[in-house]
1. Per 0.36 nm of contour for each residue apart, how much would the distance between Asp87 and Arg193 grow if the chain were fully extended, relative to their Cα-Cα spacing?
2. Express in nm, to one decimal, how much length is gained between Arg163 and Lys107 on full extension, taking 0.36 nm for each residue of separation and deducting their alpha carbon distance.
3. Does the range 142-182 come out rounded, prolate or oblate, given a ≥ b ≥ c as the square roots of the eigenvalues of its C-alpha gyration tensor, rounded meaning a/c under 1.5 and, failing that, prolate meaning a/b above b/c?
4. Towards the positive end of the charge dipole of the range 1-160, with charges on Cβ (+1 Lys, Arg; -1 Asp, Glu), say which of Ala100, Val37, Met7 has the farthest Cα.
5. If you average the C-alpha positions of the range 21-57 and of the range 70-144 separately, how far apart do those two centres end up, in angstrom?
6. Under a plain spin-label model, where a point goes 7 Å from the Cα along Cα-to-Cβ, how far apart in nm are Asn31 and His118?
7. Any idea what the dipole of the chain comes to, in debye rounded to 20, about its Cα centre with Lys/Arg Cβ at +1 and Asp/Glu Cβ at -1?
8. At 1.4 Å probe size, with every protein chain present, just tell me what the per residue accessible area of the chain comes to in Å².
Amino acid sequence: MLVREVMSSPAVTVRRTDPVRRAIRRLYGHNITAAPVVDESDRLVGVVSELDLLRGEFEPDPRATVRPAPSSHEPPPRRVMEVMTSDVVTVTETTDVTTAIGLMVGKRIKSLPVLRGHEVVGMVSRCDLMAMLARPDAELREAVVTALREQYPFGPSWEVTVRDGVAELSGPPHEHADDIADLLARTVPGIVRVKHQRRSP
C-alpha cells in the first residue's frame with residue numbers, strides 16, 4: 001500500500017513567520033498534532049508539533065520558582081521558526097506504507113510530510129494509519145469488489161472475503177488477471193494482505 005492511499009490531503013501548513021499562538025489555533029482548529037512549516041515560496045523548511053508550540057508559548061510560572069523580577073519590556077511574540085524542528089523526515093506519495101511506519105518507529109515521530117518534488121501535498125500520521133486499519137471488514141470487502149468490477153465488468157470474477165484486513169480472492173485461475181486483481185485489492189486502504197484460493201474452472 002502506498003502513502004498516497006492513506007495520507008491526509010491537502011496538507012495543513014503554517015508559515016515559519018507565523019506567531020506561535022496563530023499556529024496553535026491552526027492545529028487545534030484542524031484537530032491535528034503537527035504541521036509542515038513552509039517559507040514564503042511554500043517550500044518545506046520544518047515541522048512543528050503541538051508540543052513544540054506549547055513549549056514555545058509557556059514560560060515557567062514565577063510562583064513555582066524564585067526568579068528575578070520580570071523586565072518592564074515585553075518580549076515580542078515567538079515565531080514558529082523559533083520552535084519548529086528543522087531536520088525533517090519526509091516521504092513521497094509512492095513511498096510504501098511499511099517504509100513510512102519504519103520511519104515513524106525509528107525516528108520516534110508521529111507524522112510525516114508527503115512531498116511531490118518540492119510541494120507539500122499531504123501528511124501521513126499514525127492516526128491516518130490507525131483509521132485505515134479500523135475500517136470494518138464488510139466495508140473493505142465492498143471496496144475490493146467494486147475495484148474488481150470496475151476493472152473487469154464482464155469477467156473474470158472472484159468471490160471475495162475479507163477477515164482482519166486480509167482479502168481472499170477465490171475463483172478459477174487467470175494468471176494475468178489474478179496479478180491485476182491482487183494489485184487492485186492492495187490499493188484499498190485497510191487491506192494489508194491478499195491471498196488467492198484457486199478453484200477448478
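The values are calculated or read from the model by the stated rules, or taken from the named source; none is laboratory data. Worth saying up front: this structure is predicted, and the values here are computed from it rather than measured. Every residue, glycine among them, receives a Cβ derived from its backbone with ideal geometry; neighbour counts consider all protein chains shown. Side chains included, ligands, DNA and RNA excluded: accessible areas come from the protein's heavy atoms. Shrake-Rupley method; radii C 1.70, N 1.55, O 1.52, S 1.80 Å.
1. Details: separation 106, 0.36 × 106 = 38.16 nm, distance 3.36 nm.
Computed gain between Asp87 and Arg193 is 34.8 nm.
2. Numbers: separation 56, 0.36 × 56 = 20.16 nm, distance 3.15 nm.
Length gained, Arg163 through Lys107: 17.0 nm.
3. oblate
4. Most positive-ward Cα: Val37.
5. 12
6. Result: 3.5 nm between the two label points.
7. Roughly 560 debye, rounded to the nearest 20.
8. Numbers: 12890 Å² over 201 residues.
Accessible area per residue: 64 Å².
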